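Accompanying notes for the structure given below.
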Amino acid sequence: MTDGPEPRDWQGKPVDCDGCRHQDLLARGGCRPRLACVNDRYARRLDRFFARNPKLAEEYLSHPHFEVRAVAARHCNLFVLSRLTGDPDETVRASVASRVPQRLLLQMRSDPEREVRIRVAGRLASAKLASMMRDADYYVRVIVARRVAPGLLPFMIDDPETEVRLTVARRIDESALPSMMHDPDAQVRTVVANGLPLALLPRMLPDPDWRVRLEVAGRIAAQYLPELLHDEEEMVRELAQSRLNGEPSELLPANSRARTVSAELDQNGRYQS
């Protein structure tokens, strides 16, 4: 099986097996033109070459082409990866961050490239993530919020990015959730209403967003439901009435329903559920 473009080296010249120093591998099946070749700039062929010949990967960690170094970093011995943590190319450093031991991963937390820090945040031990909670990139902080110890989440409740706060609201301890009842985004408050202790739900009855009130209507104690019968939103009134009538809701459980509607109305792709 072969695939991809015509074989070209990293400088754009046609690949020539006659001038390759690995000609001995060809006879043994260690390489093959258009399939597995270290001189071919096509990443898949590079990867197949090093997969077949991992012991040669270390020899290419100083190659002038970044793609060769990045692919070699996926296959070389872990003990030699330290030389690439400061590689000038972010693709190489991202490849290194996917494999490097925790001791060296710590050194990459402040890498200037977001893709590298995303890899770091996804692999670093949760106990070491605190220093990345204020990372400049929102998605790095999302990953941190997904993985950091729950006890540290209160330090992220004021994050400027809604998606980060949504992640926090879904994981934070119930005892700390009330501090998010007045979040500026209704999506976050909807999640809060879903997990808030029942005794505190009445505080969210006046919420200005009907999606939040719908969530409240599905969970709040029955004694507060009459207040929702006059809600300006029909869906909230119907849910409150169905609960007062003791009817099984044919809609959706309040929490799921509110979250579904919230996702449908959201115009920002990053925040959709």
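The values are calculated or read from the model by the stated rules, or taken from the named source; none is laboratory data. Everything quoted here is computed from the prediction, not taken from an experiment. We place every Cβ from the backbone using ideal geometry, glycine too, and count neighbours over all the protein chains shown.
Under the condition of being surrounded by fewer than 22 Cβ atoms within 10 Å (Cβ to Cβ) and either touching a residue at least 40 places away in the same chain (Cβ under 8 Å) or not in a helix (DSSP H, G or I) (or both), the residues counted in region 139-165 number 8. Scanning region 84-93 turns up no residue that is modelled with pLDDT under 95, of a type in the set (A, V, I, L, M, F, W, C) and not assigned by TED's automatic domain parsing to the domain that holds F50. Note on region 77-90: residues that are surrounded by fewer than 16 Cβ atoms within 10 Å (Cβ to Cβ) and part of a loop (DSSP other than H, G, I, E, B) amount to 4. Taking the conditions (1) closer than 19 Å to V96 by Cα; (2) touching a strand residue (DSSP E or B) at 6+ places or on another chain (Cβ under 7 Å) in turn, R8 satisfies each one other than (1).
Residues in region 122-138 that are within 19 Å of E161 (Cα to Cα) and either among the β-branched types (V, I, T) or assigned to a loop (DSSP other than H, G, I, E, B) (or both): 6 in all.
The single condition among (1) under 26 Å from N39 (Cα atoms); (2) modelled with pLDDT under 95 that R69 does not meet is (2). Screening P7 against (1) surrounded by 15 or more Cβ atoms within 10 Å (Cβ to Cβ); (2) at pLDDT 95 or above leaves a single unmet condition, (2). Within region 170-199, residues that are under 19 Å from W210 (Cα atoms) reach partners that are buried (at least 21 other Cβ atoms within 10 Å of the Cβ) and β-branched (V, I, T) with beta carbons closer than 6 Å, at six or more positions or on different chains, in the pairs M180/V192; M181/V192; A186/V212; R189/V212; T190/V212; A193/V212; A193/V216.
Take L105 and decide whether it is outside any loop (DSSP other than H, G, I, E, B), in contact with a Gly (Cβ under 7 Å, 6 or more places away or on another chain) and at negative phi. For L105, the condition - outside any loop (DSSP other than H, G, I, E, B), in contact with a Gly (Cβ under 7 Å, 6 or more places away or on another chain) and at negative phi - is not met. Per this entry, L225 is not counted among residues that are touching a Ser or Thr at 6+ places or on another chain (Cβ under 7 Å), more than 28 Å from A149 (Cβ to Cβ) and surrounded by 13 or more Cβ atoms within 10 Å (Cβ to Cβ).
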